[in-house]
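To start, the structure itself, in structure tokens.
Just so it is clear, none of the values below were taken in a lab; they were calculated from the coordinates. In this text, all values refer to a predicted model and were calculated from it rather than measured experimentally. Neighbour counts run over all protein chains shown; Cβ positions are idealised from the backbone, glycine included.
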Amino acid sequence: MPVSTFDISRVIRPNILRLEPYRCARDDFSEGVLLDANENSYGPAYQTRVTCDDGQVRVAPQVDRLQLHRYPDPKGYEVKQRILKLRPSVGSVDNVFLGVGSDEIIDLI
């Protein structure tokens with residue numbers, strides 16, 4: 001009995017086959033602000049009220065030491081290393097999956 005092979009290109013419309021796969025900007029750039037990813041080069045827009053010695057309340061910009069206005073590393077290597085310290089039975093970072101938004105999920109699909 002002959003073995004039939006399935007060719008997916010025969011069942012997909014040609015215009016779909018010509019589409020370029022989605023690429024995450026993080027694949028091409030490792031530093032800088034990615035404006036297309038809704039990152040803000042000025043950091044989050046929040047301020048702190050400070051009471052001075054003279055009793056006056058002033059508003060001061062909050063320093064964003066945690067870089068909360070940036071998306072995290074999509075590979076999540078540092079986080080995976082910390083998870084391995086908590087759960088050594090996992091084995092290696094290759095056995096840990098972390099999702100950092102739709103970009104990574106789309107890449108995996």
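Peptides 3-9, 18-24, ordered by how many other C-beta atoms sit within 10 Å of their residues on average, highest first, read 18-24, 3-9.
Each residue of the range 91-96 was assigned a 3J(HN,Hα) from its phi angle through the Karplus curve 6.51 cos²θ - 1.76 cosθ + 1.60 (θ = phi - 60°); the sequence is x, 8, 5, 5, 9, 10 Hz, with glycine and proline shown as x.
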